[in-house]
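Take a look at the structure set out below.
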Ligand code: PHE
């Protein structure tokens, strides 16, 4: 039996040595350690050995041979599996088992984040979003908004004039005139977008900035409707109840026109640096749509009226995130932008 075991062991060694693939190793394992293997039979036959010493010794030898074979098979398996993966990699030029490194993820610009929030609040109140051109005619930017040529109010908005006789829109109010022309009342629109003014750059002035225009035209609209919508909008934006106040403000396309202030959220109205000790922050110009503007939009001012507001989106973003310098917003500095992930 010893000789038989020895031959068995040697046959195993030469076969395992020659094995190259995981499949071959598995076949060898079945052949040499499986239920039908010689070693299994030998172990079964031990019972027929009469001499107890011999019986014990054979049992020991067979078991240790079996353990050794098992160990060699495991070692070999590891080697051929690794080789087989390497072979697949070199055949495919691609290592599917490599861990995935996620790409450097981008993020939304802070203006986009706040714009979407405001859009969602106002669309929730029934406003629809419209878009208007950034390169605009003087007609839609000024004339149709009750600012005739040579009217001094044009000086309020330093304008970029283009060689093709058009201008860069100075406000999103061009969407007021454009929407009235296209749609009939009741009209409830907002128009977010970029505006351009010929400004000297500093911490609070940029040549390109964002506004969200709002316009509502219907029958029997009054100032309390305007205040209610503004209050709801601002309370949602700042996630708390905000106090507002109206001061007279001059914009040729509204009558009466207002500057809407909110109670300073930093000091709660007591007075601080941000609100220049007044307790109030100027946030949103607004007013009741001027009858002339309705006429330009082919809407009968005897029947309809409405209100309009111009939310300074860029200003709002700066307040929301405590950004002290407006130039950071258009600067494209990744160290700044990555903070809004
Ligand atoms: N368009 C005005 C501006 O940019 C703001 C405004 C909008 C005022 C709507 C009143 C009503 O200065």
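Read-outs throughout are calculated quantities, based only on the coordinates presented, and are distinct from any laboratory measurement. As the structure is a computational prediction, the values presented were derived from the model and not from experiment. Methodologically, a virtual Cβ is constructed for each residue, glycine included, from the backbone with ideal geometry; neighbour enumeration extends over all protein chains shown.
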Task: Theoretical gain in end-to-end length, residue 125 to residue 207 [0.36 nm per residue, Cα-Cα removed] - done: 26.4 nm
TODO: Please report 109, 93 as a ranked list, fewest other C-beta atoms within 10 angstrom at the top and most at the bottom.
DONE: 93, 109
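Can you give the FRET efficiency to the nearest 0.05 for residue 300 and residue 245, using r as the Cβ-Cβ distance and R₀ = 41 Å?
Values: r = 32 Å, r/R0 = 0.79.
For residue 300 and residue 245, the calculated efficiency is 0.80.
Neighbour counts of other C-beta atoms within 10 Å: give me 101, 196, 258 arranged from fewest to most. It would help to have the intermediate numbers written out before the result.
Details: 101 6, 196 21, 258 25.
Listing 101, 196, 258 from fewest to most nearby Cβ atoms yields 101, 196, 258.
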Task: Antiparallel bridges, percent of DSSP beta bridges restricted to region 110-340 (to nearest 5) - done: 95 percent
- [ ] May I ask you to sort 136, 236, 57, 75 by Cβ crowding, counting other Cβ atoms within 10 Å and putting the fewest first?
- [x] 75, 57, 236, 136
Task: Value of Rg to Rh for region 118-176 (Rh from inverse mean 1/r over Cα pairs, i.e. Kirkwood) - done: 1.07
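Indicate the gyration tensor shape class of region 1-105 (rounded, prolate or oblate), computed on the Cα atoms with a ≥ b ≥ c the square roots of the eigenvalues: a/c under 1.5 is rounded; otherwise a/b larger than b/c is prolate and the rest oblate.
Prolate is the answer for region 1-105, as a/c is 1.5 or above and a/b outweighs b/c.
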Open item on the list: Output the 0 to 90 degree angle, nearest 10, between the alpha-carbon long axis of helix 2-18 and the longest principal axis computed from the alpha carbons of the chain.
Closed with: 30 degrees
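Using 0.36 nm per residue, how much length does the chain from residue 94 to residue 107 gain when fully extended, once their Cα-Cα distance is taken away?
1.7 nm
Using a Förster distance of 30 angstrom, determine the FRET efficiency expected from the C-beta separation of residue 163 and residue 143, and round it to 0.05.
E between residue 163 and residue 143, to the nearest 0.05, is 0.90.
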Open item on the list: Let me check against my output: what whole-number percent is the relative contact order of region 110-340, with C-alpha pairs under 8 Å and at least 6 apart?
Closed with: 22 percent
Task: All-pairs alpha carbon distance profile, region 202-341, 5 Å steps from 0, percent - done: 2, 9, 16, 19, 17, 15, 10, 7, 4, 1, 0
Open item on the list: Please compute the length gained on full extension between residue 53 and residue 23, using 0.36 nm multiplied by the number of residues separating them and subtracting their Cα-Cα distance.
Closed with: 6.8 nm
- [ ] In a Gaussian network model over the chain where Cα atoms closer than 10 Å are linked, find which of 269, 214, 306 has the largest mean-square fluctuation.
- [x] 269
- [ ] For every helix of n ≥ 4 consecutive DSSP H residues, a contribution of -39,500 (n - 2.57) applies; sum these over the chain, divide by its total residues, and give [θ] at 222 nm rounded to the nearest 500 deg cm²/dmol.
- [x] -13000 deg cm²/dmol
Open item on the list: Per q in 0.15 Å⁻¹, report the Debye log10 I(q)/I(0) for the chain, using one uniform scatterer on each alpha carbon and no solvent.
Closed with: -1.22
Task: Selected from 85, 266, 189 as most flexible by GNM, with the chain as the system and alpha-carbon contacts under 10 Å - done: 85
- [ ] Name the residue, out of 211, 24, 157, whose mean-square fluctuation peaks in a Gaussian network model built on the chain with Cα pairs under 10 Å.
- [x] 24
- [ ] Could you state the angle between the C-alpha long axis of helix 223-238 and the longest principal axis of the C-alpha atoms of the chain, as a value from 0 to 90 degrees rounded to the nearest 10?
- [x] 30 degrees
Open item on the list: Can you compute the modelled spin-label distance between residue 265 and residue 155, with each label point 7 Å from Cα toward Cβ, in nm?
Closed with: 3.6 nm
- [ ] For helix 22-33, report the angle its Cα long axis makes with the longest principal axis of the Cα atoms of the chain; keep it between 0 and 90° and round to the nearest 10°.
- [x] 40 degrees
- [ ] Indicate the gyration tensor shape class of region 185-270 (rounded, prolate or oblate), computed on the Cα atoms with a ≥ b ≥ c the square roots of the eigenvalues: a/c under 1.5 is rounded; otherwise a/b larger than b/c is prolate and the rest oblate.
- [x] oblate
